[in-house]
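Asks: Just passing along the structure, written as structure tokens.
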Amino acid sequence: MNKYHLSFDTISDSADGKHPDVEIIDYQYGASGHFGTAANREMMNPGETFRQNNASITAPQMEFIYFKWRILVSGEIFEEHVDLTGSLPKELYLHFIIRGSQLHVFLIDRRWDSKPWEWEPKENPYKPVLGKIKIYEGHRYTQLHPAPPP
């Protein structure tokens, strides 16, 4: 069994960090069926969408993640299925960010490296600068999807 910490936040990860650019219509973390691994429509009113989620689960190897979202300005709907089979750590932190039509998946290394930040603005640690090495203060991350350019 593996321990997963999974999160997304359409408000903090938006262009201005205050108002969501997208709304999550549906999501699923693997096929295990464990509580917290899929959008729970029973907890929502009809027509509501998901703005954020933070789940910690213990489950078998996670095979994939799936997101379906709507861009608020245009109304366009996108969905993406990302294959996660392969060598992932036994305990991992994944953070998902959607920018327009693109889903980004980050593997967070929660070990403190005590090095200074490599990007600005410092006031919002959840606002990524795609292609850099930091996403949270003091923690390194690896962009799993899409594969970053060499």
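The values are calculated or read from the model by the stated rules, or taken from the named source; none is laboratory data. None of these values were measured; they are calculated from a predicted model. Heads up, the Cβs are rebuilt from the backbone with ideal geometry, glycines too, and the neighbour counts pull from every protein chain shown.
Asks: Taking Ile108, is it surrounded by 11 or more Cβ atoms within 10 Å (Cβ to Cβ), modelled with pLDDT of 65 or more and over 21 Å from Glu23 (Cα atoms)?
Replies: Yes; evaluated as a whole, the condition is true for this residue.
Asks: Among the residues of segment 8-39, write down those that are assigned to a strand (DSSP E or B) and either free of Cβ contacts under 8 Å to residues at least 40 places away in the same chain or not hydrophobic (A, V, I, L, M, F, W, C) (or both).
Replies: Within segment 8-39, the subset assigned to a strand (DSSP E or B) is 8-9, 22-29, 38.
Selection gives Asp9, Glu23, Asp26, Tyr27, Gln28, Tyr29, Ala38.
Asks: Are there any pairs, at least 6 apart or on different chains, whose C-beta atoms fall under 8 Å, with the first in segment 83-105 and touching a residue at least 60 places away in the same chain (Cβ under 8 Å) and the second surrounded by fewer than 15 Cβ atoms within 10 Å (Cβ to Cβ) and of a type in the set (A, V, I, L, M, F, W, C), and if so, which?
Replies: Leu84/Phe64; Arg99/Leu130
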